[in-house]
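Enquirer: Below is the structure I would like to discuss, written out as structure tokens.
The values are calculated or read from the model by the stated rules, or taken from the named source; none is laboratory data. Predicted, not measured: the structure shown is a model, and the values here were computed from it. Don't worry about glycine lacking a Cβ; one is built from the backbone with ideal geometry, like all the others, and counts go over all protein chains shown. Side chains are part of the model used for accessible areas, which takes the heavy atoms of the whole protein and leaves out ligands, DNA and RNA. Shrake-Rupley method; radii C 1.70, N 1.55, O 1.52, S 1.80 Å.
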Amino acid sequence: MKNLMSGFIALAMVSGLFSWAPAGGAIAAPVVLIDQSHDQRFVIEEEGPLHLSGFAAILKEEGFSVKISTEAFTDDLLKGVDAVVISGPFKNIESHEVAVLLRFLERGGRLAAMLHIGSPFADLLRRLEVDFTNYVLSEQENIIDNDPRNFQIKALQTNPLFAGMDHFSLYGGWALMNTAPTSSLVASTSSKSWVDLNGDKKLSKGDVVQSFGVVAVGEFGAGRFVVFGDDAIFQNKFLDESNRQLAINLARWLK
């Protein structure tokens, strides 16, 4: 964790909250809270290939004070927090926590959600008018390393999230759909993407072939949110040039 801690002070855990803040900084930095209270397996304080220390370092480089929470969401927990990131939970975000997050958004907060599996987000995304599929996406175009579940996303709408980019890479993602005008899809697969409905691990009769959304954005009250249909995008192993730029853009978007 040396690169994450350089020039920073690690504070002891208080009520399930860790933080990294600029040492000696007189000007208060914006605060991003990284949720690790929902059985996340890939975390920001570990440097292995599937962890998120590189993403945390980018948030820090972009001027954030980065906090880790191991407690359920409450209004008190989110006091003084500017942005919340929820990446790859395996445990459901409970209805009372959803209410807290919606109040946070209504006050002008910003939220980024990255799906490893969709079900932990089900209640939250329903309230944000975003839905997800139960099938992992595969592609016929822009495939990475001959694995149809790993591919580049090139259909990008004009959005600050994609400034300076012509693609990013997805590694085992889920399709997203907006269910109301308050949310919209800003990145999609090619029209030859498909889902394996019959489970035979190949494109065959009965499988659905079409363009699928993979990034959704929207507004709620005075706040805004972004949902990614994949949590691997920002893992250390996959932070190539394009995904790193997406992480930088996301950090700026969260401010």
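Enquirer: Among the strands (runs of 3 or more DSSP E) confined wholly to segment 1-68, which include 2 or more residues that are surrounded by 15 or more Cβ atoms within 10 Å (Cβ to Cβ) and either modelled with pLDDT of 50 or more or touching a Ser or Thr at 6+ places or on another chain (Cβ under 9 Å) (or both)? Let's see the steps before the verdict.
Expert: Working: elements: 8-10, 17-22, 31-35.
Qualifying strands (runs of 3 or more DSSP E): 17-22, 31-35.
Enquirer: Could you list, in sequence order, the residues of segment 131-161 that are touching a Phe, Trp or Tyr at 6+ places or on another chain (Cβ under 8 Å), assigned to a loop (DSSP other than H, G, I, E, B) and more than 14 Å from L203 (Cα to Cα)?
Expert: N142
Enquirer: For segment 92-141, which residues satisfy the criterion of being at pLDDT below 95 and within 19 Å of V217 (Cβ to Cβ)?
Expert: T133
Enquirer: Mind listing just one residue for me: the one in segment 77-102 that is within 12 Å of the chain's Cα centre (by Cα) and not aliphatic (A, V, I, L, M) and, of those, nearest to V32 (Cα to Cα)?
Expert: The selected residue is S87.
Enquirer: Restricting segment 120-153 to residues that are out of contact with any strand residue (DSSP E or B) (no Cβ under 9 Å at 6 or more places or on another chain) and open to solvent by 70 Å² or more (accessible area, probe 1.4 Å), which is farthest from Q36 (Cα to Cα)?
Expert: Out of the qualifying residues, it is N146.
Enquirer: If we keep just the residues of segment 107-119 that are part of a loop (DSSP other than H, G, I, E, B) and not small (G, A, S), which is least open to solvent (accessible area, probe 1.4 Å)? I'd like the intermediate steps shown before the answer.
Expert: Pass one, segment 107-119, residues part of a loop (DSSP other than H, G, I, E, B): 107-109, 115-118.
Now narrow it down to the ones that are not small (G, A, S): 107, 115-117.
On the way: R107: 143, L115: 1, H116: 61, I117: 50 Å².
Ranking the candidates gives L115 first.
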